[in-house]
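Working notes, structure below.
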Amino acid sequence: MLNTAAAAARTDSYCSLAWGHRLANLSDAETAASVVTDEAAAGLSERESSLAAWARQVVRDPGKTTQDDVTHLREVGLSDREIFEATAIVALRLAFATINAALGAAPDRQLADAAPEQLRTAISFGRAPANHASRQ
């Protein structure tokens, strides 16, 4: 869920498809699509929704996080260690998404075709899936 929210906030279509598909397998396509589009997802707990919002904030403007944001994460049950770990995961996802963007990586057609239609429709940003399998 963290990776899906972070990838979508970064507008990385490749990672949004990959991680969104994993999230859909763990929950459902509607929940995954909601995380991608930053809409309320009935399938997420308050803790999960708060983590998704945190991921988006860290990606979009980490300098604007506040103590109130961190306090809210604590209030939904996260320890300081869990907050740090979630932030580190988002930062690493952001680094990988930056590499993908810089190198022009487009989602593989197989990846896109395997993802649920609802998720593919929600990802209206980033590079379109390649028309052929990527070369290695």
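No value in this document is a laboratory result; all are computed from the given coordinates. Please read these numbers as outputs of a predicted model, since none were measured by experiment. Reconstructed Cβ throughout: ideal geometry from the backbone, glycine too, with neighbour counts over all protein chains shown.
Ranked by how many other Cβ atoms sit within 10 Å of their own Cβ, fewest first, the residues Thr31, Thr65 fall in the order Thr65, Thr31. Expressed as a fraction of 2.2 N^0.38 Å, the value expected for a compact globular protein of N residues, the C-alpha radius of gyration of the range 10-100 is 1.07. A Gaussian network model of the chain, with springs between Cα atoms under 10 Å, assigns the largest mean-square fluctuation among Ala91, Ala55, Ala40 to Ala40.
Based solely on its DSSP helices, what 222 nm [θ] is calculated for the chain when runs of n ≥ 4 H residues each add -39,500 (n - 2.57) and the sum is averaged over all residues, nearest 500 deg cm²/dmol? After summing the helix terms and dividing by the residues of the chain, the value is -20500 deg cm²/dmol.
Between Thr11, Thr66, Thr87, the Gaussian network model of the chain with springs among Cα atoms under 10 angstrom shows the greatest mean-square fluctuation at Thr66. Find which of Ser124, Phe84, Ser45 sits farthest along the positive direction of the dipole of the chain, computed with +1 on the beta-carbon of Lys and Arg, -1 on that of Asp and Glu, about the Cα centre. About the Cα centre, the residue reaching furthest to the positive side is Ser124. For the range 1-66, chymotrypsin sites (Phe, Trp or Tyr not before Pro) are listed when DSSP marks them as loop and at most 12 other Cβ atoms sit within 10 Å of their Cβ; the list is empty. Computed from Cα positions, the angle between helix 46-60 and the longest principal axis of the chain comes to roughly 70 degrees.
Residue exposure proxy: Ser13, Ser79, ordered by other Cβ atoms within 10 angstrom of their Cβ from fewest to most, comes out as Ser79, Ser13.
One quarter of the surface of the convex hull around the alpha-carbon atoms of the range 52-93 equals 2.7 nm², the direction-averaged projected area.
Taking Val90, Val35, Val58 in turn, the Gaussian network model of the chain (Cα-Cα springs below 10 Å) assigns the largest fluctuation to Val58.
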